[in-house]
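The values are calculated or read from the model by the stated rules, or taken from the named source; none is laboratory data. In this text, all values refer to a predicted model and were calculated from it rather than measured experimentally. When we count neighbours, we look across all protein chains shown, and the Cβ atoms used for this are built from the backbone with ideal geometry, even at glycine. The accessibility values were calculated without ligands, DNA or RNA, using every heavy atom of the protein model including side chains. Shrake-Rupley method; radii C 1.70, N 1.55, O 1.52, S 1.80 Å.
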Amino acid sequence: MYPCGNCRAVAVGPDGRCAACGTYQQQLQQPTGPPQQPSVPPQSPPMPGGYGYPAAPPMGMPTGGVDLRRGLSTTLVVLFGLALPALIFLLVARSGQYSVIGDMLDAVEGKSVSITEDDLNDADDMFTTAQVIYSLLTVAIAVVWAIWFRRLRLNAEVFAPGQHRFSSGWAAGSWFTPVVNLWFPKQIANDIWRASSPQGPQAVSRGLLNGWWVTWIVALVTNAVGGIRYNLLRGKVEGDDYAPSLSEAKSDIESLHSILAFDMFAIVIFMAAAVLALLLVRQITAMQEQRASLPPQLADPAPYGMPYGMPSPNPYGSPAPGSAPYGAPQMPPTPPPGQPGQQYPPYGQG
């Protein structure tokens, strides 16, 4: 044992001071007057719903690198609003082709139906016009969506630093990368959704997000399958060397009729995906506006589900629960079983 650095008594503390000197130093360090209370900015009223979080800050560029401007999200809402009537027009044009092909099938079967080649050409022209309008809207949506999605990812990095699986570059590029665009965007969206949730990463339902993604993937797959089958069969029928028998012509027309029905089903799914995407844009924009007023999530190893702003059970610098003040005598350890009456020397005796 080394002696105390002040009174040369037996040192009992880890800092080289005895109990008396340690207690005296603590008394000297205590403030003589009441501590000044730091100025606390006025708090906004709690949000409705019982979560106790402040309301969303005003729009603009708040400190911390969070971009809450609504220009891109508003543009997407408008574009999706225009895409819905374009899809309806596309569905009507496809149904016109379906009706003409149905009349052709009736004529092959010997029914009295008036059908000409001009009817088929008019139906094709109407569908081509609808397809051009919808394609232009799709290009505009794809460009604005990629920029908006990357901004969401950058905001989410401020909300939850270091807790994302992909960089902000992948947030825009994954949508246009073959194969990986079937799951990378969804994983990025999951991370953004968790980081942007005002109620906590695990306290918000992802039903809207999952429903939109499933609907979008099903629409893409059905549209791709229907389009490939339609183009192959249409090219076969319109070929110069196409000279089928009556039974083969009937089979091909029946196949074309069923393909058009399948493609109409894909258009309906696209309409549902557009509605869900519009709701998703509004939802996640509101989430990030509310989340911007809260502190960042704790980095690992803290669990994802810890509520925002909750203090640690043992804040840094505070004594552990149940610990005695400096210099207080400590209780001797409990003697092991089988040795009752064993005596221990007082703490600090060499």
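Keeping every protein chain present and rolling a 1.4 Å probe, give me the accessible area per residue for region 147-266 in Å².
Values: 5770 Å² over 120 residues.
Heavy-atom SASA per residue in region 147-266 reads 48 Å².
Straight-distance candidates among the lysines for linking to K236, with alpha-carbon spacing under 27 Å and chain neighbours fewer than 8 residues away dropped: K111, K250. Going by a ≥ b ≥ c, the root eigenvalues of the Cα gyration tensor, does region 68-153 fall in the rounded group (a/c under 1.5), the prolate group (a/b larger than b/c) or the oblate group? It comes out prolate by the Cα gyration axes. Net length available on complete extension from S293 to E117 is 56.9 nm, with 0.36 nm assigned per residue and the Cα-Cα distance removed.
Select from region 139-168 those trypsin sites (Lys or Arg not before Pro) which occupy a DSSP coil region and have at most 11 other Cβ atoms within 10 Å, ordered by residue number. Please report the intermediate quantities before stating the final value.
Working: sites: R150, R151, R153, R165; in loops: R165.
Answer by residue number: R165.
Ordering 137-146, 284-293 by mean Cβ neighbour count within 10 Å, with the highest value first, yields 284-293, 137-146. Overall, the accessible surface of region 160-259 at a probe of 1.4 angstrom is composed of carbon and sulfur to the extent of 61 percent.
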